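Asks: Provided herewith is a single structure, encoded as structure tokens, for subsequent inquiry.
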Amino acid sequence: MPRTAQASLIWNRDAETMPRQDLERLQLERLRATADLVFHKVPFYRQSFDAAGIRPEDIRSLGDLARLPLTTKKDLRDNYPFGLLTVPLDAIVRLHASSGTTGKPTVGPYTARDLATWGEVMARVYASAGVTSRDIVHNAYGYGLFTGGLGFHLGAEQVGAAVVPASGGLSKRQVMLMEDFGATVLTCTPSYSLVLAETALELGVDVRSRLRLRAGIFGAEPWTEAMRQEIEAKLHLEAFDTFGLTEMIGPGVASECPRHDGLHIAEDHFLPEVIDPDSGAPVPDGEVGELVFTTITREGQPLIRYRTRDRIRLTREPCACGRTLARMSKVLGRTDDMLIIRGVNVYPFNIESVVLAVEGLEPHYLILIDRPKDQLDEIEVWVEASVELWNSGEYWIRETEKKLHKSLADALGLSPRVKVAEPHSIQRSEGKARRIIDKRELGS
Ligand code: DLL
């Protein structure tokens with residue numbers, strides 16, 4: 001059994017356990033103030049409110065939220081870099097950005113008050129994983145423009161923990177520091193946590209006896225329950241899922257409590273909705289749809305009904321932990337990462353669960369999509385063998401390939417090519433893992 005986190009704490013009991021009625025009253029008040037602010041300060045929003053035929057004073061209930069215009073990533077790009085600010089630049093004290101794979105990055109500007117909000121919501125993330133001033137937090141999220149490093153840094157300081165600003169990379173050194181400093185909490189992407197586990201193994205550092213990790217707070221990329229089990233077993237800690245995006249504030253938007261039954265959304269700051277990505281119509285609680293957020297306390301760059309493209313389910317049932325805040329499911333993929341292979345819809349997220357259920361395989365995999373000239377699309381899944389499987393010889397490797405093929409074919413409804421690859425042959429990532437190579441996009 002992995003070590004478990006300390007008893008969970010509730011950082012801001014008033015906010016996190018507020019009766020729903022009171023919460024909704026607060027949300028409405030803050031929504032109205034935000035709508036008023038953007039309408040009067042941001043030309044883009046004045047135009048889009050006008051086009052939708054709504055004015056801030058028309059918002060009388062939370063139900064009116066659906067009448068407001070949606071904001072998309074394209075709108076952010078069109079107003080790059082500072083077109084959506086509500087304050088003059090001299091009130092901005094920090095600028096983050098997310099590295100778009102194409103074109104300009106998405107900008108995250110903060111006023112001093114926005115930074116204070118970030119510290120508050122990040123403190124909640126740590127507290128719900130049981131982190132206190134007695135902890136040593138090894139923070140291996142990347143420091144820099146990415147919000148992961150500095151966001152987790154800020155929150156650790158807020159709860160009074162000792163934070164080690166390790167950032168990503170130099171994994172051997174990281175293992176040494178975790179051992180020498182006695183880190184009790186690890187924060188990084190789930191894929192990088194596996195790199196650290198693997199590095200410890202290589203160095204002969206026994207995770208159980210020589211490291212003191214108790215909790216890990218992992219996010220910034222999708223990961224399955226099967227991956228959680230792998231990480232908990234390999235690092236001997238309790239793994240918490242944590243969610244956020246640059247456009248909202250960075251990490252701190254939603255995070256798990258020890259029930260691990262959904263991620264509590266800091267709903268007093270970020271108002272969630274779930275919509276049908278095609279029609280834009282609201283989707284009832286419990287059903288999968290696209291997550292949409294409105295910031296209701298941001299000062300520098302508030303966003304109205306921002307389409308995250310993340311697919312989730314929402315529940316507003318109170319949690320056994322005492323929090324009344326709505327919970328989102330793990331991210332089940334993105335509306336833009338669905339692959340269509342020979343007409344079949346394939347979500348990469350589903351591939352991970354299948355891969356990890358096959359014995360002898362490691363949680364390192366790659367999905368390759370190709371369209372050979374004048375032929376149909378092909379999908380190929382490569383997964384690394386464990387050292388034991390690799391050493392057991394050709395026969396067992398082929399048998400495992402057959403099993404993998406059958407499980408994937410059953411789950412996906414099409415017949416992928418599979419390859420059980422040599423240990424350590426798939427490139428590791430220090431931040432967000434890139435597991436899909438779509439050669440169709442590369443025009444080959
Ligand atoms: O990834 C912020 C963050 C840092 C979150 C550290 C958690 C921990 P961006 O780089 O703007 O911000 O990417 C945001 O990453 O829309 C999701 O698609 C994905 N994402 C973030 N957290 C999770 C998660 C940060 N826990 C985008 N599970 C989001 C799945 C996640 N996907």
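The values are calculated or read from the model by the stated rules, or taken from the named source; none is laboratory data. Just so you know, these numbers come straight off a predicted model, no measurement behind them. As a convention, Cβ positions derive from the backbone with ideal geometry for all residues, glycine included, and neighbour counts pool all protein chains shown. The area values use the complete protein model at the heavy-atom level, side chains included, leaving out ligands, DNA and RNA. Shrake-Rupley method; radii C 1.70, N 1.55, O 1.52, S 1.80 Å.
Asks: Any residue that is open to solvent by 40 Å² or more (accessible area, probe 1.4 Å), among the β-branched types (Val, Ile, Thr) and within 25 Å of SER279 (Cβ to Cβ) - is there at least one of those in segment 64-71?
Replies: No, because not a single residue in segment 64-71 is open to solvent by 40 Å² or more (accessible area, probe 1.4 Å), among the β-branched types (Val, Ile, Thr) and within 25 Å of SER279 (Cβ to Cβ).
Asks: Within segment 167-174, is even one residue out of contact with any Ser or Thr (no Cβ under 9 Å at 6 or more places or on another chain), more than 11 Å from the ligand (Cβ to nearest atom) and not in a loop (DSSP other than H, G, I, E, B)?
Replies: Yes, segment 167-174 has at least one match.
Asks: Taking the condition of being touching a residue at least 12 places away in the same chain (Cβ under 8 Å) and closer than 28 Å to VAL344 by Cα, how many residues in segment 368-396 meet it?
Replies: 14
Asks: Please go through segment 320-329 and pick out each residue that is surrounded by fewer than 19 Cβ atoms within 10 Å (Cβ to Cβ) and within 16 Å of the ligand (Cβ to nearest atom).
Replies: Once the filter is applied, which keeps residues that are surrounded by fewer than 19 Cβ atoms within 10 Å (Cβ to Cβ) and within 16 Å of the ligand (Cβ to nearest atom), segment 320-329 yields only SER329.
Asks: Based on this model, can you work out whether ALA51 counts as aliphatic (A, V, I, L, M), farther than 30 Å from PHE240 by Cβ, open to solvent by 60 Å² or more (accessible area, probe 1.4 Å) and in the same structural domain as PRO302 (by TED's automatic domain parsing)?
Replies: yes
Asks: Among the residues in segment 239-256, are any more than 12 Å from the ligand (Cβ to nearest atom) and not aromatic (Phe, Trp, Tyr)?
Replies: Within segment 239-256, not a single residue is more than 12 Å from the ligand (Cβ to nearest atom) and not aromatic (Phe, Trp, Tyr).
Asks: How many residues are over 16 Å from ARG298 (Cβ atoms) and either of a type in the set (Lys, Arg) or assigned to a loop (DSSP other than H, G, I, E, B) (or both) when one looks only at segment 89-124?
Replies: Result for segment 89-124: 8.
Asks: Then there is this: Just a yes or no: is a residue in segment 287-308 assigned by TED's automatic domain parsing to the domain that holds HIS264 and closer than 30 Å to PRO372 by Cβ? Even if it seems obvious, please write down each step before you answer.
Replies: Within segment 287-308, the first condition is being assigned by TED's automatic domain parsing to the domain that holds HIS264, and the residues that meet it are 287-308.
Remaining after also requiring closer than 30 Å to PRO372 by Cβ: none.
No: zero hits.
Asks: With the requirement that a residue be within 16 Å of the ligand (Cβ to nearest atom) and either under 14 Å from VAL283 (Cα atoms) or not β-branched (Val, Ile, Thr) (or both), what does segment 301-319 give you?
Replies: Scanning segment 301-319 gives GLN301, LEU303, ARG305, TYR306, ARG307, ARG309, ASP310, ARG311, ILE312, ARG313, LEU314.
Asks: Here is a follow-up. I'm told ALA127 meets every condition in (1) assigned to a helix (DSSP H, G or I); (2) over 27 Å from ARG309 (Cα atoms); (3) open to solvent by 10 Å² or more (accessible area, probe 1.4 Å) except one. Can you identify the failing condition by its number?
Replies: (3)
Asks: Residue check: is THR199 surrounded by fewer than 20 Cβ atoms within 10 Å (Cβ to Cβ), more than 16 Å from the ligand (Cβ to nearest atom), among the hydroxyl-bearing types (Ser, Thr, Tyr) and within 30 Å of LEU332 (Cα to Cα)?
Replies: When the stated conditions are applied, THR199 passes them.
Asks: If you don't mind, there's one more thing I want to ask. Would you mind finding the one in ARG228, ARG259 that is basic (Lys, Arg), within 15 Å of the ligand (Cβ to nearest atom) and modelled with pLDDT of 95 or more?
Replies: ARG228
Asks: Please specify each residue of segment 87-120 satisfying the condition of being under 17 Å from PHE270 (Cβ atoms), away from the ligand (no atom under 16 Å from the Cβ) and of a type in the set (Val, Ile, Thr).
Replies: Correct list: THR111 only.
Asks: Does any residue in segment 410-427 that is open to solvent by 20 Å² or more (accessible area, probe 1.4 Å) come within less than 6 Å, Cβ to Cβ, of a residue that is outside any loop (DSSP other than H, G, I, E, B) and aromatic (Phe, Trp, Tyr) six or more places away or on a different chain, and which pairs are these?
Replies: LYS419/TRP382; PRO423/TRP390
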